[in-house]
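Since every read-out is calculated from the coordinates, none of them should be taken as a lab result. Source: prediction; values computed, not measured. When we count neighbours, we look across all protein chains shown, and the Cβ atoms used for this are built from the backbone with ideal geometry, even at glycine.
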Amino acid sequence: MKKGNMDNVPVSTEKELAEPRSENAAQFVTFYFGKHFFGLPIDDVIEINRALDVTPVPLAPSYVAGVVNLRGQILTAIDLANRIGLNAETKKEDGFNNVIMGDREEPVSLLVQSIGDVMSVPSSQIEPTPELIEGVDVKYVNHVCKLPGKLLIILDSRALEQAENVNDSKG
C-alpha cells in the first residue's frame, strides 16, 4: 500500500516523469528512415506534422525537396535521406512526415519516413559518434546510443541547419 492521497499513482511513474528533467538523462524525438533509427534533441524540435505538401523549388540544392507552408510560414523542406547520404531506395514522394526543427524564427522541415516516440536516454548510454555508420554521413551525427536490437543515431541539428544555410545563402 502507498501512503498519502496519491494511491492511484504508481511510484515508478513519478520517478520516470522526473528522470528526463534530471541532468542524467536526455530526451529525443525519434523517427525512422529505412532501417535507420534517428533522434533529435527534444529542445531542437518545434513540432511534428504528418501531412504538408512539398512544393519543389527550381535550382535548389539536391537535398532541398522544396518548401512547405506551415500556417502561412514558408519553410525549407530538407530531404533527410539525401542530406545525410542515405541510400534512399525506400523513398516515397507521398510518404513523408515533417519534423519541424530549429529556430522558431527560421525553422526548417526535415522530411522523414515515419515518426517514432519521444525517448528518454540515460546520459551514460550516449556515446561519441563512431568513424563510420553504414549509409550515413557522420558529419551530421552528434552521438549514438546502443539500444536493444538497434542503434539510435542522434543527429546534430545545428550541422543540418548550418550546412543548409551556408549552401542556400546568396551573395
Worksheet item: Which value in nm describes the separation of the simple spin-label points at Glu105 and Ala51, placed 7 Å from the Cα toward the beta carbon?
Response: 3.4
Item to complete: Output the peptides 96-103, 56-63, 143-150 sorted from most to least packed, where packing is the average of other Cβ atoms within 10 Å over each peptide's residues.
Response: 96-103, 143-150, 56-63
Worksheet item: By how many nm would the segment from Ala60 to Tyr32 lengthen if fully extended, with 0.36 nm per residue of separation less the alpha-carbon distance?
Response: 7.6 nm
Worksheet item: How high is the FRET efficiency from Leu147 to Asp43, r the C-beta distance, R0 25 Å, rounded to 0.05?
Response: 0.75
Practice prompt. For segment 22-168, report the translational diffusion coefficient in µm²/s to the nearest whole number, using Stokes-Einstein at 20 °C, 1.002 mPa s, and a Kirkwood Rh over Cα pairs.
Written response: 138
